[in-house]
Every structure is written in C-alpha cells, then in structure tokens.
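Enquirer: Got a structure here, written out as structure tokens. Questions coming.
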Amino acid sequence: VPSALGEFEQLILLALLRLGPDAYGATVRDEIEERSGRRVSISAVYTTLDRLEQKGLVRSWVGGPTPERGGRRRRHFDLTANGARALKDAHQAYAAMIAGLERRLKAL
Amino acid sequence: VKRRILLVVAALIGRAAPPANREWISGDTIETFDRIDQSSGRFAAGRWLLGELMRVLLTAPRDRLAARAMRACPTRPKRAGLVPAILQDFRHGWRWLKRSPGFASVAIATLALGIGANTAMFAVLNAVLLKPLPFGETDRLMLVHLRAPSRDNPHVFNDAQWSYLKAQVFLTNQHVFDAAALFAGRDMTLSGSGEAERVSGEVITEHYPGLLGIQPMLGRAISGNEAHTLGSAPVALISHALWTRRFGADPAVLGRAIEINATPTVIIGVLPPGFTGLSGNADVWVPIATSSPHSLRPTNGFFHEYRLIARRGREIPPSTTAAAVLAAGARVDAAYPDAGRHLSWSARAVSLEASRVDVDVRRGSIMLLAAVGCVLLIAGVNLANVAGARAIARRREIAVRVAMGASRGRIVRQCFAEGLLLAVAGATAGIVVALAILKAAALLLPRPDVFFQSSVAPGISRTVGAAGLTRIGASMIGLDAMTIWFTAGIGATTAVLVSLLPAWRVAAVQPVEVLKAATRSLTDRGLHAFGTRAVLVSAQIALALVLLTGAGLMIRSAARLSHTNIGVVAERVVTARVDVPRARYGGERGAEFFAQLLERTLSVPGVESAALGGCAPVSGRCSDTVLWLPPASLDTATAPSVGVLTITPDYIRTLGLRLVAGRTFTDRDRLGHPQVALVNETAARRFWPAGSPLGITIAVGMGTFETGAEIVGVVSDVRYLGIEAAPTPDVYVPFAQSVAFSPQLFVRTRQAPEVVMRAVGHEVRALDPNVPLSNLKSMDEWVNDAMWRTRMGAWLLSMFAGLALLLAAIGIFGVMAQTVVQRTTEIGIRIALGAQRRDVLVLVLRRAVWVTAVGIVIGTVVALGVTRLIGNLLYDVQPNDPVTFSAVAGLLGFIALLACYVPARRATKVDAAIAFREN
C-alpha cells in the first residue's frame, strides 16, 4: 500500500512533472511560489525532495559545477515510475472526490 | 561588494540548511539572486535575499530535525520482496555470463564432464549398494548360513552352504522366521524343443518366489510335494525372458514338456519380467526333490549345496534373531555331528541387504567415486580460480556499485547467482553426459559378470550371495530420483565452491582504495591475492598426486599381473564346457563317451591336441580336497588341503605344462588299472622337501582315490585360483579313473579357433545332440578375465588421474599467467633497472616451485594414508611403493613446471617501455 502523499509532497511532484528536465531546487521552489502564491523555504523543498527520494518516488543526480552558481553544483530531480503512479493515484482520488461538487465548491 | 555580500549570505543560508543539501542550496540562492537582479533590479534582489535568509533561519531547525529523523529511521523504498530481487540477480548473472561466452562455455563443459562422471559413478554405486532390492519387504529377508569350522583353525568359522537335511533340522527348530526356502544356482541343459542350450537356473523349495514377493504371472508356483517328496513329477518355472526368447511368449507353454538335464519336465509357470532369482541370472527354477533327489537321501547330511533365504516374522525384533539362529544351529550340530573331526558347526543369519556386495566391490566402487569426486573438486578449484580472477578484474565495477550504494550482501548474492547458473547448466549437461557414459560402459563391458566370476584378491573372503545380489543391483543401474538428487547436491556444492572465492573477493572490495588505485600500477596486489590462489593450486596438485599415485599403483599391479607366469602356454588354446547328463552317462559309459569325444575332436582339421580337465587355469573355480600322506591315518583334521584336478593324458601337452620328473598319464591309466597321480612342484617341495615323491602312495579325498594312488610324476606349477594367488599344492588324477560329468575341453589349434571350434561343436552334437558345448572361451580370455578387475581399475583410475593432471596443469598455468600479467609493471621496472632475463625467470619460477613443492609434499602424505586402503586391490606392489611415489612426484613436478614455462617466458619478454606505457 503506497503511503498517502502529503499536500506539499503533491505540490513538489506536480512541479517536477511540469518542469521535466529543468527540475532542480530553485526551479521547483519558483514553480510552487508562482502558481500557489505560497512562500516556500528552499531547505524545506530539499528536505521534502529527500524524503520523496527515500520513498522511491523521485530520483536525483548531481550536475556539474557552474560559474554562475559560484562554482557550486546543481542537484537535479526527476519523477520515478512509482512517483508518477503515486501522483496519478492522488489525482484520481482527488478528482473522484470532487466529481459533482464543482458548482458547490465555486459557490463557497 | 554586492557579490561578496551575496556569497556570504549564500554560505550562511547553506550553513543553516541540513548539511547534505548545503551545496545546492547555496548554488540555488546565488542563481536565483542573479535572476531577480537581472529582471527586477538589485533592490528587489536584495530584498529577496534578506527574506530568504530569514525564512531559512526560521525553518532551519525544523528541516534539520526532519533530515535527522530521515537518517535515523529511513522510510526505505518499499521492497518488492526477496524473490523478485533474487530473480533479478539471476538475470544480471545471466547477462554477465552472456557477455563472456568463452568463460561460460568452458566452465559449463568442465562442470558437465565432472558432474557427469560423478553422476554415472554414483548411479552404479547407488544401484549396487544403496537402492532397495526389488523384492517385497526386503528388510525382513535374511540369508542364513551354516557355519563350518575352518580346517586350519577350529576357532575360525566360515559361512557354508546347507545340506537339505541339515536345513530341515534347522527350520523345524526355529521360530523367528515365518517363511524360508532353499536355493542353489545351477547351470542346466535345456533341450527337447529346439536346439540344446545351457541356461542358468536355480534349484529351489516351494516358498522361494513367494517370500521374495514374487507370484507367477502365468500358471502356478511349485508345491510343497514337488519340493520335498521323492517321485513327484518333474516341473519347472521359467523366467519371462526365457519365455519370450525361446517360446515366443506363447501362453500355451504351460503344460508343455521340455527336457532339463535330459529329464522330461513340465513347465507349470512363468515368473514376472525382471525376476532372475537371487543368483541374478536364473532363467529356470526346478524343485529340489525332482531335480536333485540325492539331497533327500538320509545319508547325505553333509552334502552342503544350498543356501537358505528366510523371512523374519513381522513381530520378531531383529535383535533376538541371532540367538535363535545360534540355538537352532546347535540343534543341527547335534543331529549331524562332525564325527571325524570333533568340531561343532553353527549357524548365523545376515540380512539380505548386508550381503549385497563383496568387500572389494564396495571398496573399489567407493574408491572410484572418491576418485571422480577428486577430479570434480580439482575442476571446481580451477573454475573458482578463474572466477576469482574475474572478480579482481571487476573490482572497479563493483567498487563503483558499492560507492553508488549497492549493498555488499546484494553483490555477494549476485556472485552466488552466477555460480549457481553455471552449476545448473553444468549439472543439466552433466546428466546428459552421465547417460552417455552409462550407455558407453554398457557397450564396452558386455560381460560385467566376469567381475563376479574372477577370484577375489588373496586375503578377502567372498560375501556369500553377493555375486547374485550385485548382479541384480547392476541390472538396476540408471538415473533414478536418488541419482538426480545426488547430481543436484554436487551441483549446489560446486556452485558454492565456484562462487566462494569471488564472493569473498568482492565482499572485501574497498571502493575508495580501488578507485584510487585504478590509475596506479598493479604490483601492489602482490602476495595477498596470490596467497589464496597459491593455496588452491597446491591443493589441486596434492589431489592430482593422490589420484596419480593410485593409478600408478594399479598400473604397476596390472603390469605385474600380465608378466606373471601362470604356468600354461595360453596362446591358441580354446576351452569349452561339456555337460553330460549323469543319468545316462554313469560309470563306463561316461568314460567311453569322453574318449570318443576326444577322438572326434582330434580328427577335426586344425586341432593340434585336445584334452579334458577339471577346471580352467586362473578361473578360481577348481575343487580342493584333503591329502593324506602315509603312514598317517585318514585323519581329516590334520591333513593338508590340496587342489585336485582330473585330466586326460594330453592335458600336460595341450596346456604346455612341463614334466619335471617321472612320467605323465597314459591311456593305460584307466579303470581296472592301478590308481596313479601326479603332483605339482609346490606339492613336491612342501610335502617331500628331502627327496623325490615318485613311487610314494598318497590318498586324496575324492571318490576311489581315498584308497590310495601312486605318484608317478611331478609337473610344473599352474595358477588355478587366479593370477594373483600363488600356486597351491595340486594333485592330478587320471580322468579315466574318475570320470567327471562337467569337464572342460581344452583344444590347442593350429588355425583360427572359431572355425575349429565350430567343427568341434558339430562333432559333439553328432555324438549326442543333447550334450551342449557351452562357455566357449580362449585361454587368453580366461587370463584377461582374471585381470579384468585390476585392468579396469587401472584404466579408470588412469583416466581420472590423467584428467586431474590436465586440470591441475591448467590451474597452475592460469594462476601463473595471471601473476605475470599483474606484475608486468614490476617486472618492467626490474628490467629497466638492469635485471637479466634469467633473474626474471627465477623470480617467476620461484613461486611456481614453491607452490608445486608444497602440493607434492602434502599430496604424498595424503597418498601414503589413502593407498593403504586399496592395498587389497594391488598385486605384488606395496601401497607405499617408492618407485611409484617418486615417479608420480617427478611427473607431477615436471608437468607443473612445464605449465609455468609459457607464462614465465612471457615474463622475460616484458618490454619495460611498453609496461610503463600500458599503466
């Protein structure tokens, strides 16, 4: 039984899905801030990504150091097959719960 | 200034974050700052940086706690389970083996040969020693033996056969067996429908098939009356094989009359397929009373000619049987006391399973299984060495995987998966090889019976009944479940053996060391890695030496055997057995018949001379009896025993014996004339050491010769018991004065023996169509048969030892070649520093010599212990024969150094410049 995804985890996975090959800490954080309007700590993003990696939903690799980053390397992230499935499951559950509630939700 | 502040803040933010993510977080901060700086100006960027710093500082404790919690109690990726993981190991192993088809195919072929040979050998051992005999309730079946006090030592008892009368006393005085039957193997002449032929059969009592769990598939069994009452109508049971072969599987055979030993006999039943009696080759069964009426005569209590098979009662515990048998045995002794010698006889029971094989067959087959086991072990060590070397070659790959987080357990498991894949493939192919070996053996050894007919090595007594039971076992040889389990077992053992070394190597890999060393020279592997492989190679050499020594001793035995003078000139002599029915050829008629037979044989073109004799030389089937020397009385207890042979006058000439003194027999030495005898040189030396035996009157315990016969000549010794056994004192008596009913015909031919013997067979049939000529064999064949066991042992052991030698040589070669490759740089440096080719050669060979010497010393010590176990299979060679031991050590040393030569040469050819460039 896959453990249920937390809300923030879902946001991060969705960001990874959208960003594709461009996903790393800064872009993920920007993506979430831009779309959800929430302020997010960069270290929280990484902590969550670490946890997702341990669950096997995300994989990461370290890129080369670049001068524009002050000689620091970049850590890239990507969805694994399990991650994609977990995201899909979460979405399906959410969509199923929402089905037929659209009008009432708007009215709230 | 802006940049410096940024870097400081970025570093600060990094410090606040969990340590693992420091680098990327700092990098991300710098990157984002730059982006905002470019798009919205430095103030926005500065504001963002400040906010970012505050956020990180605020959340830092929480994030650090979360990171620590994750480390302490990792929520591992859910494991898919052990089985899929192991399957994955196998897939990985399979891919890896596919990548090196050369190694894989050599490894599988080696294992297939090794495992196949072991499987075949075990199939034989299993059938002969382990597999339950094909009788019902075998565990309750026992062979009961009469115990005869030995002639030489009254406290030593030998298992003896029963007389019919003694067996009846025994059976009425015991209560532990609920069924029992007498039986005896007899060759019989079958005639009356079709050509006369000799078949093996058994004389039995009524319970015989039943207590073995066998019921006739057609007709009925023998009745008690037929077995025990004189004057019953003669009846016979026949085997399924004989029924099919001679009677075309015709059900109407029941009630048909045939002639067995010239007696009209009615077939009353057919026994089921596969049943061949306890003799293992019987085709006909006849009851005692009708076929051997003499056994029932009250005066024949000492006619010991039957064996007794009995079934222990279901409620009788095995432990109480011995005492009961002993008590009943005492009653037998009381009923039939050994009046002449005042010695008491006894009885004992042995389980049928325990009587299965002779000591020497058991020892021989276990020895051979051990030998093939050794070969497999050596092959396994070779593979382990190669696999170990490959593990070294893969150290980098493994180091990377370990560094990437693969667990060592997983990698070790993968090594075993690879080993297991090899072993499974090897074992599967091995089963095919085993089938081929068994098939080839069946073709190459058409008469395994020879093994049981040949005499036992001196000093070992035959287990009574073993020949028949071994024959039954041999007929069950095949790849049964037990054998397949054995194959699976050695396959698994091999897998472990082959994987152990690489697994250990892999487990010891230190990624940092390996990855650091990857660009450096290879010399630092040095002695440690070499050490394990050196030990393995030494072990291989030791094992090969043990096998070679065994083979060497057997070869020397075989050579000694073939150089042993058996006392006859075997070339161009053919033998055959003639059987005349006692009923029609008693007294004068027999003598007359055989005289005519010899006369007609001599008339056949190509026959140089012909004679009759009691038994063939080296056959081990000659009778012996007691010899009384004058003036002593007829006291059996103290009289020496001698071999006794009835011969016709031309026997001496036909077989090429030398007349040492006196005269040979002539045609005048026949019934009605004075009884005469010849003695051999051994007898002359032993009994008349001072003077000549000529003219002395002796008495021999055989028919009319108990009344005395005059010694008229001394002839040279002949080995009758076997090639191994020294000549015994023998006495020859004239055939015409003591006619036998089943003599051997000896014919010395000038031409091709087959043609001559066909003509001889013709003459015999013309004389009496119901007298078959059987067991046609040249004297050379008799000699070969007598050497069969030793030659077979020598041949098989040599084959195994040769294989072991080859494998050990390959092992040494492989290890030395690898050492040279690994030390190329070191050797290059030495050469660059001025080492001569010779120095390099010495450097490499020194190790090889050490390894070989250690192996030879250990092997010699082990061989000294092991060869003593096969002492009984040797002839005229001591188990610690120094010649064999030194020759084998020399050969092994030579081969080992030869195997090192190529790698050592390669070492001397190392070019310093190239060695450096490569590394």
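The values are calculated or read from the model by the stated rules, or taken from the named source; none is laboratory data. Being a predicted model, the structure only gives us computed values, none of them experimental. Don't worry about glycine lacking a Cβ; one is built from the backbone with ideal geometry, like all the others, and counts go over all protein chains shown. Quick note on the areas: whole protein, heavy atoms, side chains included, nothing else; ligands and nucleic acids left out. Shrake-Rupley method; radii C 1.70, N 1.55, O 1.52, S 1.80 Å.
Enquirer: Who wins for biggest fluctuation among A:E53, A:E34, A:E68 in a Gaussian network model of chain A, springs between alpha carbons below 10 Å?
Expert: Among A:E53, A:E34, A:E68, the largest mean-square fluctuation in the Gaussian network model of chain A belongs to A:E68.
Enquirer: Return the long-range amide H neighbours of B:E608 (sequence gap of 5 or more, or a different chain), with a cut-off of under 5 Å between placed amide H atoms.
Expert: The list, which skips near neighbours in sequence, is B:R748, B:T749, B:R750.
Enquirer: Could you rank A:K106, B:K131 by how accessible they are, 1.4 Å probe, largest area first? Write down the numbers at each step before the final one.
Expert: Values: A:K106 180, B:K131 50 Å².
I get A:K106, B:K131, largest accessible area first.
Enquirer: Hey, another quick one. Suppose all protein chains stay in the model; what accessible area per residue would a 1.4 Å probe give for the protein assembly as shown, in Å²?
Expert: Per-residue accessible area for the protein assembly as shown comes out at 46 Å².
Enquirer: So, one more: Which of the aspartates and glutamates could a cross-linker bridge to B:K166, judged by Cα under 16 Å and excluding same-chain residues fewer than eight apart?
Expert: B:E305, B:D333, B:D338
Enquirer: Peptide B:10-16: average number of partner chain Cβ atoms within 10 Å per residue?
Expert: Taking all residues of B:10-16 together, the mean is 2.
Enquirer: Quick one: with all protein chains in place, what share of the accessible area of chain A is carbon or sulfur, to the nearest percent (1.4 Å probe)?
Expert: 55
Enquirer: How large is Rg/Rh for the protein assembly as shown, to two decimals, with Cα atoms and a Kirkwood Rh? Walk me through the intermediate numbers first.
Expert: Details: Rg = 44.4 Å, Rh = 36.9 Å.
Dividing the radius of gyration by the Kirkwood radius yields 1.20.
Enquirer: As an exercise, use a Förster radius of 35 Å and the Cβ-Cβ distance of B:A508 and B:L869 to find the FRET efficiency, rounded to the nearest 0.05.
Expert: 0.35
Enquirer: At 222 nm, what value in deg cm²/dmol follows for the protein assembly as shown if DSSP H runs of at least 4 each add -39500 (n - 2.57) and the sum is divided by all its residues, to the nearest 500?
Expert: My calculation for the protein assembly as shown gives -18000 deg cm²/dmol from helical runs alone.
Enquirer: Which loop-located trypsin sites (Lys or Arg not before Pro) does region B:810-919 contain, where loop means any DSSP state but H, G, I, E or B and the Cβ has at most 15 other Cβ atoms within 10 Å? Spell out each step's value before the answer.
Expert: Numbers: sites: B:R823, B:R830, B:R837, B:R838, B:R846, B:R847, B:R868, B:R905, B:R906, B:K909, B:R917; in loops: B:R823, B:K909.
Filter output for region B:810-919: B:K909.
Enquirer: Also, quick follow-up: Rounded to the nearest 20 debye, what is the charge dipole size of chain B about its Cα centre when +1 sits on each Lys and Arg Cβ and -1 on each Asp and Glu Cβ?
Expert: For this selection, approximately 6420 debye.
Enquirer: Something else about it: Report, ordered by chain and residue number, the lysines lying within cross-link reach of B:K439, taken as a straight Cα distance under 27 Å and ignoring same-chain residues fewer than 8 apart.
Expert: Within the straight-line limit of under 27 Å, B:K439 reaches these lysines: B:K131, B:K777.
Enquirer: If we count every other residue with Cβ under 10 angstrom of B:G329's Cβ, Lys/Arg +1 and Asp/Glu -1, where does the sum land?
Expert: +3
Enquirer: Need one number: nm distance between label points at B:A726 and B:E599, each 7 Å from Cα along Cα→Cβ, rounded to one decimal.
Expert: 4.5
Enquirer: What list of ³J(HN,Hα) values in whole Hz, one per residue of region B:753-770 in order, does the Karplus curve 6.51 cos²θ - 1.76 cosθ + 1.60 (θ = phi - 60°) give from phi, with Gly and Pro shown as x?
Expert: x, 4, 4, 4, 5, 4, 5, 4, x, 4, 4, 5, 5, 4, 6, 7, x, 9
Enquirer: Treating chain A as a set of equal point scatterers at the Cα positions, no solvent, please give the Debye-formula log₁₀ I(q)/I(0) at q = 0.15, 0.20 Å⁻¹.
Expert: So the normalised log intensities are -0.68, -1.07.
Enquirer: Along Cα→Cβ, 7 Å out, is where each label goes; now give me the distance between the ones at B:A370 and B:R198 in nm to one decimal.
Expert: For B:A370 paired with B:R198, the spin-label model returns 3.8 nm.
Enquirer: Please report the projected area of region B:718-770's Cα convex hull averaged over all directions, in nm².
Expert: About 5.9 nm², averaged over all directions.
Enquirer: Now a separate question. Find the all-direction average of the projected area of the Cα convex hull for chain B, expressing the result in square nanometres with one decimal place.
Expert: If I average the Cα hull's projected area over directions, I get 58.2 nm².
Enquirer: May I ask you to give the average projected area over all directions of the convex hull of the Cα atoms of region B:570-727, in nm² rounded to one decimal?
Expert: Result: a mean projected hull area of 10.4 nm².
Enquirer: For chain B, with all protein chains present and a 1.4 Å probe, just round the carbon and sulfur fraction of the accessible area to a whole percent. Present the calculation step by step, with values, prior to reporting the outcome.
Expert: Working: 25590 of 41390 Å².
About 62 percent, which is the carbon plus sulfur part of the accessible surface.
Enquirer: Could you give the length gained by full extension between B:F90 and B:R584, i.e. 0.36 nm per residue of separation minus their alpha carbon distance, to one decimal place?
Expert: On the way: separation 494, 0.36 × 494 = 177.84 nm, distance 7.77 nm.
Separation in residues times 0.36 nm, less the Cα-Cα distance, equals 170.1 nm.
Enquirer: Between A and B, buried accessible area summed over both sides at probe 1.4 Å, in Å² to the nearest 100? It would help to have the intermediate numbers written out before the result.
Expert: Details: alone 7400 and 42640 Å², together 47610 Å².
Buried: approximately 2400 Å² between B and A.
Enquirer: If I histogram all Cα-Cα distances within region B:147-204 using bins 5 Å wide from 0, what percent of pairs lands in each bin?
Expert: 4, 14, 14, 15, 15, 14, 11, 7, 5, 2, 0
Enquirer: While we're on this one: How much length would be gained if the chain were fully extended between B:S886 and B:A913, taking 0.36 nm per residue of separation minus their Cα-Cα distance, in nm to one decimal?
Expert: 5.3 nm
Enquirer: Residues of A:30-39, mean number of Cβ from any other protein chain within 10 Å of their own Cβ, rounded to a whole number?
Expert: Working: counts 3, 0, 0, 0, 0, 0, 0, 0, 0, 3.
Mean inter-chain Cβ contacts per residue within 10 Å come to 1.
Enquirer: Taking the Cβ of B:G855 as the center, what net charge do the other residues with Cβ under 14 Å away carry, scoring Lys and Arg +1 and Asp and Glu -1?
Expert: Value of the local net charge: +2.
Enquirer: According to the Cα gyration tensor, what semi-axes, each the square root of 5 times an eigenvalue, does the equivalent ellipsoid of region B:1-140 have, listed from largest to smallest in whole Å?
Expert: Semi-axes (√(5λ), whole Å): 73, 22, 11.
Enquirer: First measure r as the distance between the Cβ atoms of B:T229 and B:T493, then evaluate 1/(1 + (r/R0)^6) with R0 = 41 Å and state the FRET efficiency to the nearest 0.05.
Expert: 0.10
Enquirer: Given region B:697-855 reduced to its alpha-carbon atoms as identical point scatterers, what log10 I(q)/I(0) does the Debye formula return at q = 0.14, 0.17, 0.20 Å⁻¹?
Expert: Debye intensities relative to I(0), on a log10 scale: -1.00, -1.19, -1.31.
Enquirer: Using a Debye calculation, one point per C-alpha and no hydration shell, please list log10 I(q)/I(0) for region B:82-201 at q = 0.15, 0.17, 0.20, 0.23 Å⁻¹ in order.
Expert: -1.05, -1.17, -1.16, -1.22
Enquirer: Taking each residue in A:47-58, count the Cβ atoms of any other chain within 10 Å of its Cβ, then average. What number comes out?
Expert: If you average over the peptide's residues, the count of other-chain Cβ atoms is 4.
Enquirer: Please give every one of the aspartates and glutamates within straight-line cross-link reach of B:K98, meaning a C-alpha to C-alpha distance under 18 Å, and leave out same-chain neighbours fewer than 8 residues apart.
Expert: The qualifying aspartates and glutamates are B:D89, B:E397, B:E418.
Enquirer: Order B:114-120, B:206-212, B:291-297 from most to least packed using the mean count of other Cβ atoms within 10 Å. Could you put the intermediate results ahead of the total?
Expert: Values: B:114-120: 26.6, B:206-212: 21.1, B:291-297: 16.3.
The peptides rank, most packed first, as B:114-120, B:206-212, B:291-297.
Enquirer: Oh, and also: Tell me which of B:G465, B:T189, B:L548 sits at the most positive position along the dipole axis of chain B, charges placed on C-beta atoms (Lys, Arg +1; Asp, Glu -1).
Expert: B:L548
Enquirer: Between B:H673 and A:R85, with labels modelled 7 Å along Cα→Cβ, what's the label distance in nm to one decimal, could you check?
Expert: For B:H673 paired with A:R85, the spin-label model returns 10.7 nm.
Enquirer: Would you work out the Kirkwood radius for region B:195-298? I mean one over the mean of 1/r across all pairs of different Cα atoms, in Å. Let's see the in-between values first.
Expert: Values: mean 1/r = 0.0734 Å⁻¹.
So the Kirkwood estimate lands at 13.6 Å.
Enquirer: Using +1 on the beta carbon of Lys and Arg, -1 on that of Asp and Glu, and nothing else charged, what's the dipole of chain A about the Cα centre, debye to 20?
Expert: Working: 18 positive and 13 negative charges, 13 e Å.
Dipole of chain A, to the nearest 20 debye: 60 debye.
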